[in-house]
1. Just want the ordering: 178, 106, 118, from fewest to most Cβ atoms lying within 10 Å of their own Cβ.
2. Mind putting a number on the dipole of the stretch 184-283 about its Cα centre? Charges go on the C-beta only, +1 for Lys and Arg and -1 for Asp and Glu, and I need it in Debye to the nearest 20.
3. To the nearest 0.05, how large is the calculated FRET efficiency for residue 227 and residue 170 if R₀ is 41 Å and r is the Cβ-Cβ distance?
4. How much length is gained on full extension from residue 104 to residue 183, taking 0.36 nm per residue of separation minus their Cα-Cα distance?
5. Taking Cα centroids, how far is the stretch 142-179 from the stretch 180-225 in Å?
6. Can you sort 239, 132 from fewest to most other Cβ atoms within 10 Å of each residue's own Cβ?
7. What number comes out for the charge environment of residue 178, summing +1 per Lys or Arg and -1 per Asp or Glu over other residues with Cβ under 9 Å away?
8. Determine, from the Cβ-Cβ distance of residue 126 and residue 242 and an R0 of 22 Å, the FRET efficiency 1/(1 + (r/R0)^6), rounded to the nearest 0.05.
Amino acid sequence: MKPTGHAQPADGDPGQVAPGPATADGQDQGRDKGRDQGRDAGRDQGRDNTQDLGQAGTAAALAWGTTGQPVPPGLTAVPLGLPGTLTEAMLPADPMDLLRAWMDDVVKAGLPEPTAMVLATVSADQWPRARMVLLKGFDSAGFVFYTNRTSRKGSDLAEVPRACLLFPWHALHRQVIVEGGVTPLSTDESEPYFHSRPRGSQLGAWASRQSTVLASRAELDDRYEELERRWPEGTEVPMPDFWGGYRVRPETIEFWQGQPSRLHDRFRYTVAAQGWTVNRLAP
Ligand SMILES: Cc1cc2nc3c(=O)[nH]c(=O)nc-3n(C[C@H](O)[C@H](O)[C@H](O)COP(=O)(O)O)c2cc1C
């Protein structure tokens, strides 16, 4: 069933839900109600994790925020359990609106690299591969990131043009997973971002034959210095023809909100002929 904007159960399809408008009010109420629950969820998860790992050396980090202990050095203090519930009534017809609201929360919470996402690709011989990249834009057309097209991810995408993106916002007990087909951005679409980057990053894009083996650090530094001489300060660094953006066109977008007792809320939007359908999933 298509989202209708009303929080009604979908006729004849008990698994499907009809999202309501994601009003600021609705979301704030949810946050307020869920603030304590969210903290409990953290405790619950942390306790289980610590047990799973047998009180290993990382226990201090695992216990952080879950037992009220002080924040270990090197970790950023972000408020845990800020947001709370995610209910059918809070789901907007367009999942991008919910993603935007969650991204705002991540920025407000002061998480480092709020737009960092895990990009999973599949190689031609069916090996799954994952790495972090930065999201550089998203709208109804899709999710954009930039990279070296001859990198391992670039060759995967040339062979299997599909990807999964995962936003690991565990400090807020949230996760968003996107799956979809991938298309390269054109040179015209990629160039504005390339030229907006610091000069060092532009030269770095030329210097790094990403994912290939280097004999030494010096090899990379020498190449960079050579490029600095080739394009001295004041000259424009052209965008390499082996570099550019990709757009992931979402076919599904899943929102996961942690809850106590592992009874988490999960909603998966799936693209439909017009708009989106959405289902609640068992956690
Ligand atoms: C937080 C973070 C952000 C990153 N952002 C990018 C990015 O936007 N583009 C990119 O090519 N690599 C980025 N990297 C490096 C990639 O994770 C990866 O090492 C590199 O792209 C090579 O991946 P590949 O060999 O699988 O192609 C980032 C790494 C981290 C930790």
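1. 118, 106, 178
2. The calculation lands at about 700 debye.
3. 0.60
4. The span from residue 104 to residue 183 would gain 25.8 nm if fully extended.
5. If we compute the Cα centre of each part, the gap is 18 Å.
6. 132, 239
7. -3
8. 0.30
Read-outs: derived from the displayed coordinates by stated rules, not from any lab. Computed from a predicted model, the values in this text were never measured in an experiment. Note that we place each Cβ from the backbone using ideal geometry, even for glycine, and neighbour counts take in every protein chain shown.
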